[in-house]
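**Q** Supplied in structure tokens, the structure appears directly below.
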Amino acid sequence: MQTRREVEVKPLGEVPRMGFLRGMRMALASGGGRVDMLSGLRDQYEQLGPVVVQISRPFTMVNLFGPDANRTVLMDRDQIFSARRPWDQIMGRIFTNGLLLRDGADHKQHRKIMHEAFTRPALREYAVRMNPIIERGIADFGTSGAPILAFKAYKRLTLELAAQVFVGMDLGPATRPMNEAFENMVAASMSRVRLPVLGREFQRGLRGRRYLLALFGAMLEKKHADAGSDMFSRLCRARTPEGETFQDSEVLDHMIFLMMAAHDTTTSTLSSLTYELAVHPDWQERLRSESRALGTLEPGLEAVGRLEGLGMAMSETLRRYPPLPVIPRVNTADFEFGDFRIPAGCMVVVSPIHTHHMSEWWSDPFRWDPDRFSSARAEHERHSHSFAPFGGGPHMCLGLRFAEAQVKLVMHHLVSRYRFSVPDGYTMPVQQAPISKPRDGLPVGFTPLE
């Protein structure tokens, strides 16, 4: 543990200074870890309040709790919160120059160019292309009669979807090495030892990045030449009204980051949603009836948008199991929050996973209850930033509509074809960081419907 030093975080009102320093010591001891980040965050908030300091390297970390904190940091009205500086420390050598790792005018320009790949007409095309891949990918779920590890199956499926929609390629034999590359890269982003030592976690992540750069780099010439509707082709030819385009190196950086985000976050949500529907068979039947009412096994974007119950179930799953549990920023100028002034240069962290479980904003917050998102209850509307699974403000997830459509399409196919369950007495063991996932792979039994 470091020797305590003076931290220039000064109370403005009647908040006692020693209370804040006590909070700093408690934060040093509480931790959080990859498995159960929420418990550590709840302990900090309940014992120390909405502003807690931790001494860490290379930044002093300040945890801000609650929806007001989310709004202050994510909306960034004074443009003082850098996403690039913390994320560059976390994943800069692995997911270099992804959209999440850009700030200000640079971020705005890249987001503007990328927007073409996420317009509603583009999403309609993606939905049409995803249906047959989903149908093929889940066809053998119920054939063995034994439970399958749903997380692994979903990861394979979502990677195939991302490869087809984003790259325009059928993976075939490349499924395994690409999946391994992304798994190693995500794990490396959380490595404590960031040295390229042979056989270590970080070195495997760097090797995964090199593999993807070579794979996608070999496709660049063709993607520039064709008029494909996949995202890779769209990024190669994307232009702003002012004629701005991406350099080839920027296209590759964006493709690697988008591919990771597209399949890892949807795998996370699909796994958690499957678990909750397995232990809430009444909701599973409700969604099955809703899907059957569409009258088609291959719905388009507008059709899945009408699945109201599925939308509520997905939102509730994102509340309980947000793929990104915390969001870091570095403040480039002093700012005030509540009774405290936070000096420039701190790692300021807001925590959707904590906000989503605050009893001040959610009734019985540890219970999975999709009806809280109904128009009658609308608990998510009690505060503009009490529900933030996709972040907010300038860095709101650009692909959130794609992710929602993908999850809904997969779940529509699943409930239309199978009844699924988990073993009696089973509780899914969750690892909350860096991305929420079941630690045991989630054993699920799928029974074909007659």
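**Q** Please work out how much length the chain gains when fully extended from residue 149 to residue 384, using 0.36 nm per residue of separation minus the C-alpha to C-alpha distance, in nm with one decimal. Write down the numbers at each step before the final one.
**A** Working: separation 235, 0.36 × 235 = 84.60 nm, distance 3.68 nm.
Value of the extension gain: 80.9 nm.
**Q** I would also like to ask the following. Using the heavy atoms of the protein chains alone and a 1.4 angstrom probe, what is the accessible area of the chain per residue in square angstrom? Walk me through the intermediate numbers first.
**A** Values: 19510 Å² over 450 residues.
For the chain, the per-residue accessible area is 43 Å².
**Q** Could you run the Karplus curve 6.51 cos²θ - 1.76 cosθ + 1.60 with θ = phi - 60° over region 151-162 and give me ³J(HN,Hα) per residue in whole Hz, x for Gly and Pro?
**A** So the J values, rounded to whole Hz, are 4, 5, 5, 5, 5, 5, 5, 5, 5, 5, 5, 5.
**Q** Right, something else. Return the distance in nm (one decimal) between the two label points of a simple spin-label model at residue 308 and residue 169, each offset 7 Å from Cα along Cα→Cβ.
**A** 4.4
**Q** Of all beta bridges DSSP finds with both residues in the chain, what is the antiparallel percent, to the nearest 5? Show your work: numbers first, answer last.
**A** On the way: 24 of 28 bridges.
Of all bridge pairs located within the chain, approximately 85 percent are antiparallel.
**Q** Hey, rough spin-label estimate for residue 371 and residue 39, points 7 angstrom out along Cα→Cβ, what's it come to in nanometres?
**A** According to this spin-label approximation, the distance is 3.1 nm.
**Q** What residues qualify as long-range amide H neighbours of residue 347, i.e. H under 5 Å apart, gap of 5 or more or another chain, H built at 1.01 Å from N?
**A** HN-HN under 5 Å from residue 347: 60, 61, 62.
**Q** Let me ask something additional. Can you list the aspartates and glutamates whose alpha carbon is less than 18 Å from that of residue 152, not counting same-chain residues fewer than 8 positions off?
**A** Within the straight-line cut-off, residue 152 pairs with 135, 140, 160, 180, 183, 264, 276, 440.
**Q** Summing +1 for each Lys or Arg and -1 for each Asp or Glu, what net charge is found among the other residues whose Cβ lies under 14 Å from the Cβ of residue 447? Spell out each step's value before the answer.
**A** Numbers: positive: 288, 417, 419; negative: 140, 285, 450.
Value of the local net charge: 0.
**Q** Oh, and also: How much length would be gained if the chain were fully extended between residue 298 and residue 183, taking 0.36 nm per residue of separation minus their Cα-Cα distance, in nm to one decimal?
**A** Taking residue 298 through residue 183 to full extension adds about 38.4 nm, to one decimal.
**Q** Next up: Under 37 °C and 0.692 mPa s, how fast does region 327-450 diffuse according to Stokes-Einstein, given a Kirkwood radius computed over C-alpha pairs? Answer in µm²/s, whole number. It would help to have the intermediate numbers written out before the result.
**A** Numbers: Rh = 18.2 Å.
It comes out at roughly 180 µm²/s.
**Q** Can you work out the FRET efficiency for the pair residue 201 and residue 440, with r the C-beta to C-beta distance and R0 = 25 Å, to the nearest 0.05?
**A** Values: r = 21 Å, r/R0 = 0.83.
With a Förster radius of 25 Å, E is 0.75.
**Q** Continuing with this model, one more query. Tally Lys and Arg at +1 and Asp and Glu at -1 over the other residues with C-beta under 12 Å from the C-beta of residue 219: what net charge comes out? Intermediate results must be reported in sequence, preceding the final value.
**A** Numbers: positive: 222, 223; negative: 221, 226, 230, 248.
Local net charge: -2.
**Q** Continuing with the same structure: Just to verify a number: FRET efficiency for residue 449 and residue 426, C-beta to C-beta distance, R0 = 25 Å, to 0.05? If you can, show how the numbers build up before the last one.
**A** Values: r = 22 Å, r/R0 = 0.88.
According to the calculation, E is roughly 0.70.
**Q** Same structure again: Roughly how tilted is helix 17-30, in degrees to the nearest 10 and between 0 and 90, from the longest Cα axis of the chain?
**A** Between helix and principal axis, roughly 40 degrees.
**Q** Ok, one more. Starting from the 7 Å offset along Cα-to-Cβ, what nm value, one decimal, do you get for the label separation of residue 360 and residue 333?
**A** The two pseudo-label positions are separated by 2.7 nm.
**Q** In degrees between 0 and 90, to the nearest 10, how far off the longest principal axis of the chain does helix 104-114 point, with axes built from Cα atoms?
**A** With rounding to tens, the tilt is 10 degrees.
**Q** Taking amide H atoms as placed 1.01 Å from N in the peptide plane, list the residues 5 or more away in sequence, or in a different chain, whose amide H sits under 5 Å from that of residue 82.
**A** For residue 82, the qualifying residues are 330, 331, 332.
**Q** Amide H neighbours of residue 96 under 5 Å, counting only residues 5+ apart in sequence or on other chains, H built in-plane at 1.01 Å?
**A** Amide H neighbours of residue 96: none.
**Q** In 10 Å bins starting at 0, how do the alpha-carbon pair distances of region 233-331 split up by percent?
**A** Per 10 Å bin, starting at 0, the Cα pair percentages come out as 12, 28, 28, 22, 9, 0.
**Q** OK, next. Viscosity 0.890 mPa s, temperature 25 °C: Stokes-Einstein D of the chain from its Kirkwood Cα radius, in µm² per second? Can you show the working numbers first?
**A** Values: Rh = 23.1 Å.
Once the numbers are plugged in, D ends up at 106 µm²/s.
**Q** Next question. Taking R0 as 45 Å, what's the FRET efficiency between residue 225 and residue 47 from their Cβ-Cβ distance, rounded to 0.05? Write down the numbers at each step before the final one.
**A** Values: r = 61 Å, r/R0 = 1.34.
For R0 = 45 Å, the calculated efficiency reads 0.15.
**Q** Same structure, new question: Roughly what angle does helix 175-188 make with the longest principal axis of the chain, taking Cα atoms, 0 to 90 degrees, to the nearest 10?
**A** Approximately 10 degrees, to the nearest 10.
**Q** Looking only at 50, 173, 394, which one moves most when the chain is put into a Gaussian network model with springs between Cα atoms under 10 Å?
**A** Looking only at 50, 173, 394, the largest GNM fluctuation is found for 173.
**Q** Now a separate question. If you take every residue apart from residue 305 with its C-beta less than 13 Å away from the C-beta of residue 305, what net charge results, scoring Lys and Arg +1 and Asp and Glu -1?
**A** Computed value for this residue: +1.
The values are calculated or read from the model by the stated rules, or taken from the named source; none is laboratory data. Values in this document were obtained by computation on a predicted structure and should not be read as measured data. Methodologically, a virtual Cβ is constructed for each residue, glycine included, from the backbone with ideal geometry; neighbour enumeration extends over all protein chains shown. When the accessible area is computed, the model is the full protein with side chains, heavy atoms only, and any ligands, DNA or RNA have been set aside. Shrake-Rupley method; radii C 1.70, N 1.55, O 1.52, S 1.80 Å.
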